[in-house]
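The values are calculated or read from the model by the stated rules, or taken from the named source; none is laboratory data. Only a predicted model underlies this, so the values are computations on that prediction, with no experimental measurement involved. We place every Cβ from the backbone using ideal geometry, glycine too, and count neighbours over all the protein chains shown. Side chains are part of the model used for accessible areas, which takes the heavy atoms of the whole protein and leaves out ligands, DNA and RNA. Shrake-Rupley method; radii C 1.70, N 1.55, O 1.52, S 1.80 Å.
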Amino acid sequence: MPPDTAIAHLERARSGIRQALAQWNAADLEQVEESRELLVAAAVDLRVFETAVGAGDVPHTAELYSTILAVKQEVVQATRVVDTCVAFYRGLAARTGDAPPVYNAEGHIEEEPAGLEPEVHA
Amino acid sequence: MPNILASLSSAGNALDVFQQALNVIQNNVDNSSTPGYATQTLNLEAQPLVVTGGLTGGVAAQGLQDSRDNYAEEQVQSQTQALGFYTAQAQATGTVQSFFDVSGTGGVPAALNNLLSAFSAWSVTPDDATAEQTVLSSAQSLAASVNGLANSLSGTSQQLDTQIGSTVSQINSIATQIQQYNQQVLQSTTPDPGAQAQLYSALDNLSQLTNFTTVTQTDGTVTVMLGGGDPLVIGNQVNALSASDAVATNPPATYPNSPPSAVITDSQGNDVTSQITSGQLGGLLDTRNRVLGSLLGNAQQQGSLNQFAQTMADTVNQILESGTVSTATGAAAGTALFTYDSSNPTNAAASLALNSSITPGELAPVDSSGNSNGNANQLADLGNTGNAAGNIDGMNLVQFLAQISSSVGQENQTATTNQTTQQQVVAQATTLRGQVSGVSLDEQATNVLQFQRAYQATAQVLTVLNDVLDDTMNMMTVTT
């Protein structure tokens, strides 16, 4: 694969990740799904780029390395935002009694998570 | 007739109840922009109707219910605390970073390079008075540059102390507001929506300043505790904080004359500094005590700038003093080029100076083996890679300076990135708070699961992206 084509995949992935984070709206399922689709498309682009790097199609320059590092930083940023939402809803689920089961080291379901106090409005 | 009267009475009661409901709605509209206010609803309950038993039915008001969700409130407060920390840290480390010249064309790195160049020129013409004078003036410039950096950093410490004091005052002021709320609760029998709005507004403001947890007591008062559990407000008591400077003595100070660290104490004089790990105060304390402490020293460390100043001065002086001013028999021994306060290792950078008594002729280019420019060559080599003389932590003086600049820059970059990310996290947490407020979570269990699954699916894609990027970077042979 020509280096320019491979790098275009990287740039498109980066753009998709940015767009996914920019339009992420935790309160809107439809937008959450759109963000996820953008990220899936970014993952496909990154796989293509990874294959090109592995095949030696792309020169291993310091500049390219720092671009990849910058993309990774954006992924870390997006992960923190999404993790906040996951943690928020995990807490809510625990309160409504719908917390996912907890598995022990043998793969068996442990005791139900300790129930939290029912929702109390001040 | 009694039935008609009962009907009229029931209808009259209903009108009263619906009037109350309208008042509640009007109050919600009026307070739509009030900080901390949560929409309220009037609970209505049908009254029993027993025609033969004289119960007239109708509707009764069963008290107000607000839409605030304590769990969601805590989530937003917790994320806001982190944002306060990163914002303060980014601003403070930005100031510290501004004193370091990362390009190497100015500040201490440039002054060191000039001195090394002067040594190099002197090694070519060791008897040349102009070359000797250039060494002296370059040494003076380096000392002045190191002093200037140390003073700028000390000035930043003082500015941060002022900001820390101001932040502590704001925390105490908010604690007093919460204490007043508690007093009101203790004196009143029914919750006041206005007072509650003020309480939550105060807690939102407090979360920007420090980390804390709250517990609502059975009497309705709110207890606020710092991160480590030290109470800030209990009932109608405020445990006011104060800020001061002190050299830590536990563990015993290795450098008792070091610059003091910022300390936060409660009203009993207990040191609660370590409990403040988030919020604006946490960010200020982190930069003041950890970042600046690593540069200027504190009770447990000399500080990298002092390490540089002392090692550089000792190395240069040792080389010069080991040689002679000329190759003539009985030539005078060399004189130290630099002086510093050797009684206080944490004051080396601020006190570094050109030896006031040295003259150009007292510089010793001749080494102990009699080589006419042996010492001058050794001094010129101090900045060369692989030269063991003057090394600190395996780095020569030039590399060590670059490492100091780099670590300060890294601190600022990390804080700035964290601040940007945390702004988005707070925005999402606030959105989620709005989404769950006023909703019965038991009734919305299906929605909760749907959102949870959607987020987890997105988190999995992000894990894939992260793994692919890691694999790609591992495949690349260039690592910088």
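Structure values in brief
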{"quantity": "Residue match in segment B:116-125 (condition: closer than 21 Å to B:Leu354 by Cβ and among the aromatic types (Phe, Trp, Tyr))", "calculated": "yes"}
{"quantity": "Lone qualifier among A:Leu39, A:Leu64, A:Leu21 - being assigned to a helix (DSSP H, G or I), in contact (Cβ under 8 Å) with a residue 12 or more places away in the chain and farther than 17 Å from B:Gln460 by Cβ", "calculated": "A:Leu64"}
{"quantity": "Lone qualifier among B:Gln140, B:Gln183, B:Gln158, B:Gln198 - being outside any strand (DSSP E or B), in contact with a helix residue (DSSP H, G or I) (Cβ under 8 Å, 6 or more places away or on another chain) and open to solvent by 30 Å² or more (accessible area, probe 1.4 Å)", "calculated": "B:Gln198"}
{"quantity": "Members of segment B:373-402 that are more than 37 Å from the chain's Cα centre (by Cα) and at pLDDT 90 or above", "calculated": "B:Asn373, B:Gly374, B:Asn375, B:Ala376, B:Asn377, B:Gln378, B:Leu379, B:Ala380, B:Asp381"}
{"quantity": "Members of segment B:162-171 that are in contact with a Leu (Cβ under 9 Å, 6 or more places away or on another chain) and open to solvent by less than 30 Å² (accessible area, probe 1.4 Å)", "calculated": "B:Ile164, B:Thr167, B:Val168, B:Ile171"}
{"quantity": "Within segment B:322-354, tally of residues that are over 23 Å from B:Ala253 (Cα atoms) and not in a loop (DSSP other than H, G, I, E, B)", "calculated": "6"}
{"quantity": "Among residues of segment A:50-68, those that are within 7 Å of chain B (Cβ to nearest Cβ) and either crowded, with 22+ Cβ neighbours inside 10 Å or under 12 Å from B:Thr472 (Cα atoms) (or both), counted", "calculated": "6"}
{"quantity": "Residue within segment B:233-240 that is in a loop (DSSP other than H, G, I, E, B), among the β-branched types (Val, Ile, Thr) and either surrounded by 15 or more Cβ atoms within 10 Å (Cβ to Cβ) or under 20 Å from the mean Cα position of the chain (by Cα) (or both) present", "calculated": "no"}
{"quantity": "Residue count, segment B:278-299 (criterion: out of contact with any helix residue (DSSP H, G or I) (no Cβ under 8 Å at 6 or more places or on another chain) and surrounded by fewer than 21 Cβ atoms within 10 Å (Cβ to Cβ))", "calculated": "1"}
{"quantity": "Qualifying residue in segment B:460-475 (condition: hydroxyl-bearing (Ser, Thr, Tyr), in a helix (DSSP H, G or I) and at pLDDT 90 or above)", "calculated": "yes"}
{"quantity": "B:Ser405 vs. criteria surrounded by 16 or more Cβ atoms within 10 Å (Cβ to Cβ) and either at pLDDT below 80 or in a helix (DSSP H, G or I) (or both)", "calculated": "yes"}
{"quantity": "Residue selected from segment B:216-229 under the condition at pLDDT below 90 and away from chain A (no Cβ under 12 Å), by the criterion most open to solvent (accessible area, probe 1.4 Å)", "calculated": "B:Thr218"}
{"quantity": "Total residues in segment A:52-61, condition of a type outside the set (Gly, Ala, Ser) and without any contact (Cβ under 8 Å) to a residue 24 or more places away in the chain", "calculated": "2"}
{"quantity": "Pair list, Cβ < 9 Å and 6+ apart or interchain, from segment A:69-82 residues that are at the interface with chain B (Cβ under 7 Å from one of its Cβ atoms) and open to solvent by less than 30 Å² (accessible area, probe 1.4 Å) to residues that are aromatic (Phe, Trp, Tyr) and in a helix (DSSP H, G or I)", "calculated": "A:Val82/B:Tyr455"}
{"quantity": "Filtered residues of segment A:1-18 (kept if assigned to a helix (DSSP H, G or I) and open to solvent by 50 Å² or more (accessible area, probe 1.4 Å))", "calculated": "A:Pro3, A:Asp4, A:Thr5, A:Ile7, A:Ala8, A:Glu11, A:Arg12, A:Ser15, A:Arg18"}
{"quantity": "Number of positions in segment B:355-379 that are assigned to a loop (DSSP other than H, G, I, E, B), touching a Phe, Trp or Tyr at 6+ places or on another chain (Cβ under 9 Å) and more than 20 Å from B:Ala143 (Cβ to Cβ)", "calculated": "2"}
{"quantity": "Residue check for B:Gln456: modelled with pLDDT of 80 or more and at the interface with another protein chain (Cβ under 7 Å from one of its Cβ atoms)", "calculated": "yes"}
